[in-house]
Amino acid sequence: MVSDVHGNARDLARAGEGADALICLGDLVLFLDYADHTRGIFPDLFGAANADRIVELRTARRFAEAREFGARLWAGVGGDRRELIEGAVRKQYAELFAAFPTPTYATYGNVDMPPLWREYAGPGTTVLDGERVEIGGRVFGFVGGGLRTPMRTPYEISDEEYAAKIEAVGEVDVLCTHIPPEVPELVYDTVARRFERGSRALLDAIRRTRPRYALFGHVHQPLVRRMRIGATECVNVGHFASTGRPWALEW
């Protein structure tokens, strides 16, 4: 199981070795690498120095300034912004989806562009969002995307829409989401030094339906990677972009 792949196609091609299936919890796209500011769509377009500056502003939570700085950079670029970003994302998706083994079960992250997935997902890849599937005799539920934030990433939705997808999944053995439940220890990023958005609806569903596992990613350096909520083992499966190592679910 992997999450937050962020362009790591090399390790993704080996992630399913020895497993019955690979599960991916989203964030395939690498827009900007906060550890290496030379990598991603943003520095490809604007250079590492401008990437340094936008990371500095975002890390300081100066989001309005970061948006203004980004707007000035885009104003100086020839061509349509949407087309430039989509072209770069398509290039990454072509490589990443080609690296998925068969079978793969995947859901979207908050930086992904869901409308493009159907073009790149081959017959061995099943994309699920607000849906359930049986894998190895166990029922898995999948809910993708993130909740709205000042970062304004591509696949952020309202709390109500997210809660409806959680409700549609219902009772499952394993609940797979991109974002964690809204628990301070699970949503705090120790390097970014901020609380990311977790879902209250997800937390309520875990307490109510008591899945055996709740698995997620999104927070790259969490204060706590694993904890129990009642009968449920909650696990952040890791920042695959940096570790290159999948997390194994064994029964």
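Values computed for the structure shown
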{"read-out": "Residues being part of a strand (DSSP E or B) and open to solvent by 30 Å² or more (accessible area, probe 1.4 Å) - total across region 195-212", "value": "1"}
{"read-out": "Single residue of LEU186, LEU175, LEU147 found to be crowded, with 22+ Cβ neighbours inside 10 Å, within 27 Å of LEU57 (Cβ to Cβ) and of a type in the set (A, V, I, L, M)", "value": "LEU186"}
{"read-out": "Residue check, ASP33 at negative phi, acidic (Asp, Glu) and not in a loop (DSSP other than H, G, I, E, B)", "value": "no"}
{"read-out": "Every residue from region 223-248 that is buried (at least 22 other Cβ atoms within 10 Å of the Cβ) and either touching a Phe, Trp or Tyr at 6+ places or on another chain (Cβ under 8 Å) or more than 30 Å from ARG39 (Cα to Cα) (or both)", "value": "CYS234, ASN236, VAL237, PRO246"}
{"read-out": "Within region 150-160, tally of residues that are exposed (fewer than 15 other Cβ atoms within 10 Å of the Cβ) and outside any loop (DSSP other than H, G, I, E, B)", "value": "2"}
{"read-out": "Test result for ALA66, in contact with a Gly (Cβ under 8 Å, 6 or more places away or on another chain), open to solvent by less than 20 Å² (accessible area, probe 1.4 Å) and in a helix (DSSP H, G or I)", "value": "no"}
{"read-out": "Residue count for region 18-38, restricted to those that are over 23 Å from GLY146 (Cα atoms), in contact (Cβ under 8 Å) with a residue 24 or more places away in the chain and open to solvent by 30 Å² or more (accessible area, probe 1.4 Å)", "value": "2"}
{"read-out": "Search result, residues across region 92-132 that are assigned to a strand (DSSP E or B) and either among the aromatic types (Phe, Trp, Tyr) or surrounded by fewer than 16 Cβ atoms within 10 Å (Cβ to Cβ) (or both)", "value": "TYR105"}
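The values are calculated or read from the model by the stated rules, or taken from the named source; none is laboratory data. The model shown is predicted, which means the values in this text are computed figures rather than measured ones. Cβ atoms come from the backbone with ideal geometry, glycine included; neighbour counts cover every protein chain shown. Calculation scope for accessible area: heavy atoms of the full protein, side chains included, ligands and nucleic acids excluded. Shrake-Rupley method; radii C 1.70, N 1.55, O 1.52, S 1.80 Å.
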